[in-house]
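Worksheet: the structure to be examined is printed underneath.
The values are calculated or read from the model by the stated rules, or taken from the named source; none is laboratory data. If you're wondering where the values come from, they're calculated on a predicted model, not measured in any experiment. Backbone-built Cβ (ideal geometry, glycine too); neighbour counts: all protein chains shown.
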Amino acid sequence: MNIALIGYGKMGKTIEQVAHERGHHVKVKIDLNNLDDFTVQNFHDVEAAIEFTGPHTAYNNLLKCLEFGTPVVCGSTGWLEHLSDVERICTSKQGSFLYASNFSVGVNIFFEVNKKLAQLMEGKNQYDVSIKEIHHTQKKDAPSGTAITLAEQVIANNSSKQTWVNEPAQSKDQLYIESERIDPYPGLHEVRYSSAIDEIKIIHEAHSRDGFALGAVLAAEYIASRKGIFTMKDVLGFGN
């Protein structure tokens, strides 16, 4: 399969390595040094693009891929105020698009565990839930997209919280997401339910970028032959 990488930093280079290991060809690599190569001509035989840039560039990059008719996987975070626009355009152009806040297979299993735990803790008001995330200092957004996904899952499945904040909570219905930036650190996410007598924690800790890269390539393989809007639940066969 011919793949385009949009964003060729540390993550892009890891994705390239994993793609090669899985027998794919990285035909196009776009970064700040060669934006003029981001053309429909260069993408004409690209079967899937993988976009990992940042919050200020992701939206326009996705629009270009959809305009080219290129299936696109996006792992950039911090741009989700435009997500509905991208989905609408994808549908109107009968394109293929997949966004995930985290492509790690382990993290996506963690998401399912998080939803179930939030449901089990419903009505257990002696426990207060909070989230902690740690990443490297080059990560541009805080909280992480993964932490936001975890928080939104808790809010959707447990009535004790109504909104999340990235500072110590000022009221009981606020879910505190604590963000730390430490080098070097691939990533940690912890959901903690604390009471006066005990504490329940679920933790996912990445040891390297390889898990994120593998998930992104799996997503590209999945959408290359499909039309529509997808998530990692589709890729991993988790159902609804």
Only one residue in Val40, Val28 is part of a strand (DSSP E or B), at pLDDT 95 or above, more than 22 Å from Asp234 (Cα to Cα) and not aromatic (Phe, Trp, Tyr). Which one?
Val28
Any residue at all in the range 43-63 that is modelled with pLDDT of 95 or more, assigned by TED's automatic domain parsing to the domain that holds Val191 and assigned to a strand (DSSP E or B)?
no
Can you pull out the strands (runs of 3 or more DSSP E) entirely within the range 119-202 that have at least 3 residues that are crowded, with 17+ Cβ neighbours inside 10 Å?
128-135, 174-181, 188-194
His56 - would you say it is farther than 14 Å from Phe212 by Cβ and free of Cβ contacts under 8 Å to residues at least 40 places away in the same chain?
yes
Considering only the range 105-113, I want to know if a residue exists there that is within 18 Å of Pro186 (Cβ to Cβ) and assigned to a strand (DSSP E or B).
no
With the checklist (1) in a loop (DSSP other than H, G, I, E, B); (2) assigned by TED's automatic domain parsing to the domain that holds Tyr222 in hand, flag the one item Arg88 doesn't pass.
(1)
Please indicate, with yes or no, whether at least one residue in the range 122-144 is in contact with a Phe, Trp or Tyr (Cβ under 6 Å, 6 or more places away or on another chain) and among the aromatic types (Phe, Trp, Tyr).
yes
Selected residue (criterion: surrounded by the fewest Cβ atoms within 10 Å (Cβ to Cβ)) from residues of the range 206-240 that are among the hydroxyl-bearing types (Ser, Thr, Tyr) and within 20 Å of Asn2 (Cα to Cα)
Ser225
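This table checks each residue for (1) assigned by TED's automatic domain parsing to the domain that holds Glu51; (2) within 18 Å of Ile50 (Cβ to Cβ); (3) out of contact with any Phe, Trp or Tyr (no Cβ under 6 Å at 6 or more places or on another chain).
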residue	(1), (2), (3)
Lys93	yes, no, yes
Phe97	yes, yes, yes
Asn114	no, no, yes
Asn158	no, no, yes
Gln162	no, no, yes
Lys172	no, no, yes
Leu175	no, no, no
Glu178	no, no, yes
Name the pairs: first residue in the range 110-137 and of a type in the set (Lys, Arg), second residue surrounded by fewer than 13 Cβ atoms within 10 Å (Cβ to Cβ) and in a loop (DSSP other than H, G, I, E, B), Cβ to Cβ under 9 Å, at least 6 apart or on different chains?
Lys124/Ser195
Out of all the residues in the range 71-84, is one or more at pLDDT below 95, of a type in the set (S, T, N, Q) and assigned by TED's automatic domain parsing to the domain that holds His56?
yes
